[in-house]
Amino acid sequence: MKDHTRVNHPPEVPVPVDNRPLVAPIYQSVKFSFDSTQETQRYLRGERDGFFYSRSANPTLRQLELLLAQLQGREECLLTGSGVATLAVVLLALCKSGDHVLAFIESYGPTRYIVQHLLAKFGVTHTLLSIEDLNGIERVLAGTPTRLVLFESPTNPVTKIADIRHMTEAARRHGALTVLDNTFAGFHNHGNYDIDVYLHSLTKYASGHGDVMGGAIIASKALIGGMRKDVGAIGATLDPHAAFLIQRGMRTYFLRYQRQCENALIVSRFLQSHPRVKAVHYPGLPQHPQHQLAAQQMRDFGAVVTVTLEGGFAESGRFAESLKFFAIAASVGSTESLVMPPQLLGSAAYTPEQRAVSGVGSGTVRLSIGIEDASDLVEDLASALEQAFT
């Protein structure tokens, strides 16, 4: 073997079967090979296990898929390169021209964009309601054949709580699938409900460190099997190294989420008592209009606290800029606390009526609570509020 050949065929290092690594290796390989054409064909026909091309399957991704499916209490999982990719892939895979989708005004901005603009290009119609409009949900499902109901709970950013049992029972009666963006609630919540498809942005609480993007689609084997080829063809695959980083983040998922929820409750109680805060939107507070529903549906109340401040854009902007431990940044779920002032939360796509339903106004500020010391966060918030209104 000449050196030009050797560098492309380095020595193999076999690991004895009784000498396993404690952390699974990263299979940073696009291609996998079988010993024969016949075995390759058997794999491609689904007659044997294995891997062939990482856009379709990869051992590092598979480990994470199995873990997340088990945590959510479902059979199967597909990984994508971002949370938004899960939305696009599921809607494109499950909908066709002539279908109708029921979605909600309070939903994440990219969710509404995909439903209102991307799907509309392919002849898929939609209805947008408030997540609180239970009668409207019944009316639409009874009056319009609907392919799927797409919702989130808690909603982003004002943490409204969907009545999941009502949603799933109504959808089932009228032959519609239910798709829940479960990112804010997490893998340990809502698994006991009759949801067909769960979506998660792994960028948030799964990775937890703000250094990697990813998404997960979790459902039955039948639904995932029907979507798998579409995901591969669209090319929304997660990279193996990103999957490894998310898998590593999941080791501390419950520790981080518990600390973040504890901090969120402390922060929300402080904010509720402050005279410059008109409203605190956090399901863990008894004053939240859907606190009892959240307590029935969830094991905890999440780590997003949204407030409505007195004044408007100027005061809310100064508040965000005066914080020391809260970075002005997109996303949620990282170990560090984050803040989004109203200038960055509002959607130009809303009609005036939809904006009123959304609950996002000129004093709305979203806080993503991290794992810092709660007393430091409270002191920081108190100081920023004083500076905002001085």
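The values are calculated or read from the model by the stated rules, or taken from the named source; none is laboratory data. Since this is a predicted model, take the numbers as computed values, not measurements. Here Cβ is always computed from backbone atoms with ideal geometry, including for glycine, and neighbour counts include all displayed protein chains. Accessible surface is based on the protein model in full, side chains and every heavy atom, while ligands, DNA and RNA are left aside. Shrake-Rupley method; radii C 1.70, N 1.55, O 1.52, S 1.80 Å.
In the range 307-390, counting only strands (runs of 3 or more DSSP E) that sit wholly within it, the ones holding 3 or more residues that are in contact with a helix residue (DSSP H, G or I) (Cβ under 8 Å, 6 or more places away or on another chain) span 337-340, 364-368.
Among the listed residues N19, N58, which satisfies the condition of being more than 30 Å from D133 (Cβ to Cβ) and touching a residue at least 12 places away in the same chain (Cβ under 8 Å)? Please lay out each step first, then the result.
Details: N19 fails: touching a residue at least 12 places away in the same chain (Cβ under 8 Å).
Going through N19, N58 in turn, the sole match is N58.
Identify all residues within the range 85-116 that are among the small types (G, A, S), within 17 Å of V197 (Cβ to Cβ) and part of a loop (DSSP other than H, G, I, E, B); write none if there are none.
Listed by number, the list holds a single entry, S107.
Restricting S358, S322, S316, S383 to those that are within 22 Å of G83 (Cβ to Cβ), polar (S, T, N, Q) and in contact with a Ser or Thr (Cβ under 9 Å, 6 or more places away or on another chain) reduces the list to S358. Within the range 352-380, residues that are more than 20 Å from V277 (Cα to Cα) and touching a residue at least 12 places away in the same chain (Cβ under 8 Å) reach partners that are open to solvent by 30 Å² or more (accessible area, probe 1.4 Å) and of a type in the set (K, R) with beta carbons closer than 9 Å, at six or more positions or on different chains, in the pairs G370/R259; I371/R259. For the range 10-29, taking the residues that are open to solvent by less than 80 Å² (accessible area, probe 1.4 Å) and at pLDDT 95 or above, the one that is farthest from L64 (Cα to Cα) is identified as S29. Scanning the range 351-377 for residues that are open to solvent by 30 Å² or more (accessible area, probe 1.4 Å), at pLDDT 95 or above and not small (G, A, S) yields a count of 4. Going by what's in this entry, would D49 be described as at pLDDT 95 or above, of a type outside the set (A, V, I, L, M, F, W, C) and part of a loop (DSSP other than H, G, I, E, B)? Answer is yes for this residue. Here V158 qualifies as out of contact with any Phe, Trp or Tyr (no Cβ under 8 Å at 6 or more places or on another chain), buried (at least 19 other Cβ atoms within 10 Å of the Cβ) and closer than 24 Å to M340 by Cα.
Residues of the range 250-286 being among the hydroxyl-bearing types (S, T, Y) and either touching a residue at least 40 places away in the same chain (Cβ under 8 Å) or assigned to a loop (DSSP other than H, G, I, E, B) (or both), which ones? Working first, answer last.
Applying the first criterion (among the hydroxyl-bearing types (S, T, Y)) to the range 250-286 yields 252-253, 257, 268, 273, 282.
Answer for the range 250-286, where residues must be among the hydroxyl-bearing types (S, T, Y) and either touching a residue at least 40 places away in the same chain (Cβ under 8 Å) or assigned to a loop (DSSP other than H, G, I, E, B) (or both): T252, Y253, Y257, S273, Y282.
How many residues are open to solvent by 10 Å² or more (accessible area, probe 1.4 Å) and farther than 17 Å from A171 by Cβ when one looks only at the range 198-221? Working first, answer last.
Taking the range 198-221 first, the residues open to solvent by 10 Å² or more (accessible area, probe 1.4 Å) are 201, 203-204, 209-213, 220-221.
Now drop any that are not farther than 17 Å from A171 by Cβ, which leaves 201, 203-204, 209-213, 221.
Adding up the residues that qualify gives 9.
Filter the range 108-133 down to residues that are on the phi < 0 side of the Ramachandran plot, open to solvent by less than 60 Å² (accessible area, probe 1.4 Å) and either in contact with a helix residue (DSSP H, G or I) (Cβ under 8 Å, 6 or more places away or on another chain) or without any contact (Cβ under 8 Å) to a residue 40 or more places away in the chain (or both), then give me how many there are. Number of matching residues: 14.
So that you can scan it fast, the table gives a plain yes or no per residue for (1) out of contact with any Pro (no Cβ under 8 Å at 6 or more places or on another chain); (2) buried (at least 16 other Cβ atoms within 10 Å of the Cβ); (3) modelled with pLDDT of 95 or more:
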{"site": "L285", "(1), (2), (3)": "yes, yes, yes"}
{"site": "V307", "(1), (2), (3)": "yes, yes, yes"}
{"site": "A320", "(1), (2), (3)": "no, yes, yes"}
{"site": "G333", "(1), (2), (3)": "yes, yes, yes"}
{"site": "V339", "(1), (2), (3)": "yes, yes, yes"}
{"site": "Q343", "(1), (2), (3)": "yes, no, no"}
{"site": "A349", "(1), (2), (3)": "yes, no, no"}
{"site": "E386", "(1), (2), (3)": "yes, no, yes"}
{"site": "F389", "(1), (2), (3)": "yes, no, yes"}
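Reported count of residues in the range 169-197, each being open to solvent by 10 Å² or more (accessible area, probe 1.4 Å) and within 24 Å of V124 (Cα to Cα), is 8.
Once the range 41-67 is narrowed to residues that are of a type in the set (S, T, N, Q) and more than 23 Å from the chain's Cα centre (by Cα), the residue that is nearest to V30 (Cα to Cα) is S54. Cβ-Cβ contacts under 7 Å between residues 6 or more apart (or on different chains), taken from a first residue in the range 159-188 that is touching a residue at least 24 places away in the same chain (Cβ under 8 Å) to a second residue that is open to solvent by 10 Å² or more (accessible area, probe 1.4 Å) and among the basic types (K, R), are listed as A176/R147; L177/R147; T183/K204; H188/R299.
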